[in-house]
Amino acid sequence: MGNPVKIIMVEDDEGHARLIERNIRRSGVNNDIMPFTNGTEALNFLLGADGTGAAHKDQALLILLDLNLPDMTGIDILKQVKENSYLKYAPVVVLTTTDDAEEIKRCYALGCNVYITKPVNYENFANAIRQLGLFFSVIQVPQAKA
Amino acid sequence: MRGYPHTRENHYRHDFEEADQQIVPTLTKLRTLTSDSALQQRNLDIIRPLTIQRFEIFRKAVATAQAGQWDEARKLLIETSAEDVMGQIRDVAGAMRAEEDRLFRLRRQAADDSQSLSAIVTIAGSALIVVLAGFSIFLVRQSSRARNDAEQKLRDANLDLEAAVDERTADLREANQEIQRFAYIVSHDLRSPLVNIMGFTSELEELRDDIFGRIARYSRAAAALPEPLPDSDGNQESGLTEEDKQLSEDFTEALGFIKSSIGKMDRLIGAILNLTREGRREFDPVQIETRALIEEIVGTVAHQASEANAQIRVEPLPDIVSDRLSLEQIFSNLIENALKYLRPGVPGDIAIKGRNKLGFVIFDITDNGRGIDPKDHQRIFELFRRAGVQDKPGQGIGLAHVRALVRRMGGTITVSSEPGKGSTFTITLPARWTMSRQGKSYG
């Protein structure tokens, strides 16, 4: 891992964001986490000032994405990320309360790498996030090239 | 007659005798014939005595002549042949004849008049008939036109009505969809804060352990007790005072209630989500071999059935055109319920029967389980409502869901049951369901 992986967390619910962050930390992942509470800001950051995503050319990114955002749906962001030549290699983890089969299918079709429903059962949630943390620590996040 | 005394020929006398015999009946007949005319009667009154008197004279003359006194008879006849009597008779007879002629003319005139009157009446009557016929034709036409108008209006009204019904149906459908969207969004959005509540409650639990662990440490330090070796279950609270122990337990109890309530709320929200998801699902009517479908369901619950010591009998069932998934859900819910609410210690007997009736298929799912109190027969179909002893897990959703599905497929569901004996759920579904007959869905 040349560059440390930067975690982009798009989550409008601050409580959820805090819980996710805590559990990631508990699993021993100490990478930077950049929180965004709405889709517009997150997209602005991801695509950069020029809107091409070239700003993250040499960075390894991992995106945690909530689908229910105040200004757009996470699916819009997922689509743009996966259509962007600089960003499309970044793994996207969709985290949402929806366990609708159609929505899950749609996310995978659009290129999401992991889909995690936020269960009310906290143990499951915490476990899922921690495992995700372990997963972060072992996967090789490719750097955007080109 | 007057010739008889002169000629003495008998044929004159015969003529007279003949006339004499006929005169009275003739006069009588004449009286009868002229009974309608007072004038003629009066004339007859004049002529009758004269005539009779004349005949009397003749008879006398004949008798005289037959006595051989021919001259006497002749004289008698001549004497009495004074023209006055005969002339009188002639005058009166002439008057009578004239009167009769007048009467005849009069009557003919009257007859003519009445004939022409009857002709006029006939013509007038015919004309009246024609007019009446015309009028009735007019009336019939008018009424048939009125009827046509009315029918047209009725057709228009029908069309209006249909349009109104369509409009209302569309409104209702829209309202229903609105409710479903609402239920979906609400239940979905409710889940988000619930994740936080549950998450931070669990965080609090961890904090509790930290806090009381620390209190325990301080207590031990204050009491100058040795630090205990960390035991296998990680209990760090062994040094707590009684008061602190009580606090710790209260803390745990409060958190426990919060968590169990959250769990319950989450299940309810999940149930609503599932219902709205089902309500939004598009149905797809296909030909279904009902018996095979139910055998399949029975196969999936075989384990539960053997645990409950129950047998499930599937009788030959009529096939149906309906939505497969809905039918599966309906039958598996009912069969699972039947297995769930058997009487403990009594071998279960569950039977599934079916029959065709007037374009509908009627299914009976009968069990010998604990049964349902009659006051709960409606209640069990309501969302989140349950009946009887609450000794089995469940949210009170299954039957509400089943009823909603059955209704959406244009059917009905009823229950008949006796506590302690068993229950029979009866489902009536259209044998050949098409989407156009789709009943109301959740709402």
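The values are calculated or read from the model by the stated rules, or taken from the named source; none is laboratory data. These figures come from a predicted structure and were not determined experimentally. When we count neighbours, we look across all protein chains shown, and the Cβ atoms used for this are built from the backbone with ideal geometry, even at glycine. What goes into the accessible areas is simple: the full protein's heavy atoms, side chains included, and nothing from ligands, DNA or RNA. Shrake-Rupley method; radii C 1.70, N 1.55, O 1.52, S 1.80 Å.
Can you give me the Cα centroid spacing of the stretch B:14-40 and the stretch B:168-188 in angstrom? Comparing the Cα centres of the stretch B:14-40 and the stretch B:168-188, I get a distance of 118 Å. Restricting the stretch B:308-386 to GluC sites (Glu not before Pro) that sit in a DSSP loop and have at most 16 other Cβ atoms within 10 Å of their own Cβ leaves B:E382.
Out of the total accessible area of the protein assembly as shown (probe 1.4 Å, heavy atoms of protein only), what percent is carbon and sulfur? Don't jump to the answer; show the numbers that get you there.
Numbers: 18550 of 33760 Å².
Carbon plus sulfur share of accessible area: 55 percent.
When restricted to Cα atoms, the stretch A:5-137 yields an Rg and a Dmax of 13.8, 42 Å, respectively.
The charge dipole of chain A, taken about the Cα centre with unit charges on the Cβ atoms of Lys, Arg (+1) and Asp, Glu (-1), comes to about 620 debye, rounded to the nearest 20. Each residue of the stretch B:397-411 is assigned a 3J(HN,Hα), and the resulting list reads 10, x, 6, 4, 5, 4, 5, 4, 5, 4, 5, 4, 8, x, x Hz, derived from the Karplus form 6.51 cos²θ - 1.76 cosθ + 1.60 (θ = phi - 60°), x at Gly and Pro. Note on chain B: helix-only mean residue ellipticity at 222 nm, from DSSP H runs of 4+ residues weighted -39500 (n - 2.57) and normalised by residue number, equals -24000 deg cm²/dmol. Here the protein assembly as shown carries DSSP beta bridges of which approximately 55% are antiparallel, counting only pairs with both residues inside.
Please tell me the relative contact order of the stretch B:372-439 in percent, rounded to the nearest whole number, where contacts are Cα pairs under 8 Å and at least six residues apart. Before the final figure, lay out the partial values.
Values: 90 pairs, mean separation 19.6, N = 68.
It rounds to 29 percent for the stretch B:372-439.
Going by accessible area, probe 1.4 Å, with all protein chains left in place, what is the ranking of B:I46, B:I380, largest first? Spell out each step's value before the answer.
On the way: B:I46 80, B:I380 15 Å².
I get B:I46, B:I380, largest accessible area first.
Counting other Cβ atoms within 10 Å, keep those with at most 13, restrict to DSSP loop, and tell me which trypsin sites (Lys or Arg not before Pro) in the stretch B:1-93 are left. When the trypsin sites (Lys or Arg not before Pro) of the stretch B:1-93 are filtered for loop state and at most 13 Cβ neighbours within 10 Å, B:R8 remain. The charge dipole of the stretch B:3-83, taken about its Cα centre with unit charges on the Cβ of Lys, Arg, Asp and Glu (plus for the first two, minus for the last two), comes to roughly 140 debye. Quick one: which bits of the stretch A:22-58 get at least 10 Å² less accessible when the partner protein chains are in, versus the chain alone, with a 1.4 Å probe? Residues passing the criterion (a loss of at least 10 Å², heavy atoms only) are A:R22, A:R26. The amide H of B:G348, built 1.01 Å from its N in the peptide plane, has B:A310, B:Q311 as neighbours under 5 Å, considering only residues 5 or more places off or on other chains. Holding the Cα-Cα limit at 21 Å, pick out from B:K353/B:K392; B:K264/B:K392; A:K105/B:K264; B:K353/B:K375; A:K6/A:K105 the pairs that are longer than that. In this structure, B:K353/B:K392; A:K105/B:K264; B:K353/B:K375; A:K6/A:K105 lie more than 21 Å apart at Cα.
Put B:T64, B:T412 in order of accessible area, highest first, and with a 1.4 Å probe you get B:T412, B:T64. Shape class of the stretch B:246-322 from the Cα gyration tensor (axes a ≥ b ≥ c, square roots of the eigenvalues): oblate, since a/c reaches 1.5 or more and a/b does not exceed b/c. Taken about its Cα centre, the stretch B:172-278 carries a charge dipole of roughly 580 debye when the Cβ of each Lys and Arg holds +1 and the Cβ of each Asp and Glu holds -1.
Kirkwood radius and radius of gyration were both taken over the C-alpha atoms of chain B, and their ratio Rg/Rh is 1.80.
Accessible area per residue, 1.4 Å probe, Å², for the protein assembly as shown: what's the number?
On the way: 33760 Å² over 589 residues.
With all protein chains present, the protein assembly as shown gives 57 Å² per residue.
With a 1.4 Å probe on protein heavy atoms only, tell me which residues of the stretch A:105-134 lose at least 50 Å² of accessible surface in the complex relative to the chain by itself. Residues meeting the cut-off: A:V120, A:Y122.
Relative to the dominant Cα principal axis of chain B, helix B:38-66 is inclined by about 40°.
To the nearest 100 Å², how much accessible surface do chains B and A hide from each other in total, with a 1.4 Å probe? Let's see the in-between values first.
On the way: alone 27920 and 7380 Å², together 33760 Å².
That pair of chains buries around 1500 Å² in total.
Interface burial in the stretch B:183-210, defined as at least 10 Å² less accessible area with all protein chains than with the chain alone at a 1.4 Å probe, covers B:Y184, B:H188, B:R191, B:S192, B:V195, B:N196, B:M198, B:G199, B:F200, B:S202, B:E203, B:E206. Surface calculation, 1.4 Å probe, protein heavy atoms: B:H6 sits at approximately 110 Å² accessible. Where q = 0.12, 0.26 Å⁻¹, what log10 of I(q)/I(0) comes from the Debye formula for the stretch B:3-83, counting one point per Cα? Values, matching the q order: -0.42, -1.19. The relative contact order of the stretch B:3-83, computed from alpha carbon pairs under 8 Å that lie at least 6 residues apart in sequence, is 30 percent.
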